[in-house]
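Written out below as structure tokens is the structure these notes cover.
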Amino acid sequence: MPPASGPASSPVAGFSPSANIAQLRESATIAVSQRAKALRAAGRAILDLGAGEPDFDTPELIRASATAAMNAGATRYTPTEGTLALRAAVAKQATALRGRGETIGANEVVVSNGSKQSIFNACFALFGAGDEVLIPTPAWTSYYEIVALARATPVSVLGDEHRGFRVDPEMLAAHATSRTRGLLLNSPVNPTGTVYTQDELRAMLDLAERHGWWVISDEIYRRIAYEHPASSALEVAGSRARLIVADGVAKAYAMTGWRIGWTVAAPDVTRAMAALQSHTTFGASSVSQAAAVAALEKAAAVDPLVDAMVREFRVRRDAAVALFRSEPALQFVPAEGAFYVYFKAPGAGRIADAGTAFAATLLEQHDVAVVPGVAFNTSDWVRMSYATDLKTVETAVGRIVAAWRAEHSMAHANT
Ligand code: PMP
């Protein structure tokens, strides 16, 4: 008899995920983007307002630095925590933001494969079973999943939809329990574009400090703000002892594909995150780190390019907002930063998951791809991105507003 080779039943058909990922929800954005792709393949001209990344190319100067580094031998493993050159550049930037005569050292920085990994490392190192983590909501879909992967419990704190979904200390306190261990801040916010003021941030950081909560501040959109500069938690936090700031090059420098993010945190937390990373992904790409050094260190040449990209985003934002304003009944969040507009679906309050229904209508009937708000734990809403050319933004938002108006007036005619 031939030796038995594995289980009798098909291992694929019988697959059930381990407890590690059993609770993982597939990204709600995937269904839309797959359907959009299929429609495109069938010849439909889909206008894509789903993107979560700048449509600009990485500045030439940064690309040239990467090529030079590669040709000079930056082709090998780097230290787990990142090259000293990049950590020093990040520490210098953090020191400048912090002010008050405090020096932040390179030993307080870990470089990772994008700020997404930075946030994962922080949550995995800090939280565990039985811990609760407060998440101002709506929020980026991955926060909830990452906290759950760490076996902690994500606790949604729904903001006030009439104030850009802002969350304040009273709302946080109302959701706190003896098990609360952390707070995940994000400003400018994905998906709303809301930018917290220094006072608002300080009030939440003070509350966290009084309770001894860890704060992870995701500042990946900090450079993209229109009404007032977006502040870093580094500028306003009383103490940095329990603060982890996550940032990276993706959005500000149009470098999403380079996969470089980092954290700024106390040395012991930094060491723990580096130890975790040493057994998962190890040091980030050597070439990408050299590119990130150029982005930060050649500020005199690069910052004006960032400013130009932000100005272009602003033109598109203004165009989108003007179209949304043309329909007074259409509720949307005044987009102060990032590159999104968050608006309420016409079926909100009447049908379940109105955002998903309207996103499907927009895609199937109007060739416009957007992201349903269920991805951000607010299912009556829809996110559109203006990280695409002005003409596409104007045409697509024109269709959104017209479709919204048609559905809205139909519903009112029926009631
Ligand atoms: N935080 C937020 C709020 C984001 O929207 C994104 C990207 N969509 C990230 C973090 C991750 O960015 P990256 O990993 O590319 O640095």
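The values are calculated or read from the model by the stated rules, or taken from the named source; none is laboratory data. On a predicted model such as this, the values are computed, not experimentally measured, just so you know. Counting neighbours? That spans all protein chains shown, and the Cβs are built from the backbone with ideal geometry, glycine included. What goes into the accessible areas is simple: the full protein's heavy atoms, side chains included, and nothing from ligands, DNA or RNA. Shrake-Rupley method; radii C 1.70, N 1.55, O 1.52, S 1.80 Å.
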Neighbour-limited loop hits for chymotrypsin sites (Phe, Trp or Tyr not before Pro), the stretch 256-337 (at most 15 other Cβ within 10 Å; DSSP other than H, G, I, E, B): F282
Spin-label pair Q365/F282, simplified geometry with 7 Å Cα→Cβ offset, distance in nm: 5.4
For a label point 7 Å along the Cα-to-beta-carbon line of Q198, residues of the stretch 219-261 with backbone N under 18 Å: 222-240
Other-chain or far-sequence residues with amide H under 5 Å of T137's (modelled H): V157, L158, G159
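Solvent-accessible area per residue for the chain at a 1.4 Å probe radius, Å²? Display every interim value, and only then the final one.
Values: 17970 Å² over 415 residues.
It amounts to 43 Å² per residue over the chain.
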Quarter of Cα convex hull surface for the chain, i.e. mean projection, nm²: 25.4
Most mobile of P136, P346, P304 in a GNM of the chain (Cα contacts under 10 Å): P304
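Note the full-extension length gain between E26 and K92 as 0.36 nm times their separation in residues minus their Cα-Cα distance, in nm to one decimal.
Numbers: separation 66, 0.36 × 66 = 23.76 nm, distance 3.81 nm.
Full extension from E26 to K92 adds 19.9 nm.
What percent does the relative contact order of the stretch 255-402 come to when contacts are Cα pairs within less than 8 Å and at least six residues apart? Present the calculation step by step, with values, prior to reporting the outcome.
Numbers: 155 pairs, mean separation 28.5, N = 148.
Across the stretch 255-402, relative contact order equals 19 percent.
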Cα centroid separation, the stretch 165-219 to the stretch 246-288 (Å): 23
Using θ = phi - 60° and Karplus 6.51 cos²θ - 1.76 cosθ + 1.60, couplings along the stretch 36-43 (whole Hz; Gly, Pro as x): 4, 4, 4, 5, 5, 4, 7, x
Under-5 Å amide H pairs with A284, H placed in peptide plane, nonlocal only: G82
Most mobile listed residue (S18, S231, S178) in the chain, GNM with C-alpha springs under 10 Å: S18
Calculated from backbone phi, Karplus (6.51, -1.76, 1.60) coupling profile of the stretch 201-213 in Hz, x at Gly/Pro: 4, 4, 4, 6, 5, 4, 4, 4, 5, 4, 8, x, 7
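When ranked by the protection proxy of mean other Cβ atoms within 10 Å per residue, highest first, what sequence do the peptides 118-125, 397-404 form?
Details: 118-125: 25.4, 397-404: 19.5.
Put in order of decreasing packing, that is 118-125, 397-404.
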Proximal lysines relative to K391, as straight alpha-carbon distance under 25 Å, when same-chain residues fewer than 8 apart are discounted: K37, K251, K344
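At a Förster radius of 35 Å, what calculated FRET efficiency corresponds to the Cβ-Cβ distance of A13 and A42, to the nearest 0.05?
Details: r = 31 Å, r/R0 = 0.88.
Computed FRET efficiency for A13 and A42 comes out at 0.70.
What is the percent carbon and sulfur in the accessible area of the stretch 1-137, measuring with a 1.4 Å probe over the protein chains and ignoring ligands?
Details: 4530 of 7780 Å².
Answer for the stretch 1-137 is 58 percent, counting heavy atoms of protein chains only.
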Relative contact order (%) - the stretch 196-236, alpha-carbon pairs under 8 angstrom, separation at least six: 50
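Roughly what % antiparallel, to the nearest 5, for the DSSP beta bridges in the chain? Each step should come with its number before you reach the end.
Details: 18 of 38 bridges.
Expressed as a percentage, antiparallel bridges in the chain total about 45.
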Carbon plus sulfur fraction of accessible area for the stretch 209-348, probe 1.4 Å, in percent: 55
Residues whose placed amide H lies under 5 Å from that of L185, excluding near-sequence neighbours: I216, S217, D218
Per-residue HN-Hα couplings for the stretch 125-137 [Karplus 6.51, -1.76, 1.60; θ = phi - 60°; Hz; x = Gly/Pro]: 6, 9, 10, x, 3, x, 7, 10, 10, 7, 10, x, 10
Separation between Cα centres of the stretch 356-407 and the stretch 70-102, rounded to whole Å: 40
Net charge of neighbours whose Cβ lies under 10 Å from the Cβ of V374, counting Lys and Arg as +1 and Asp and Glu as -1: -1
Difference of contour (0.36 nm per residue) and Cα-Cα distance, T103 to M410: 104.5 nm
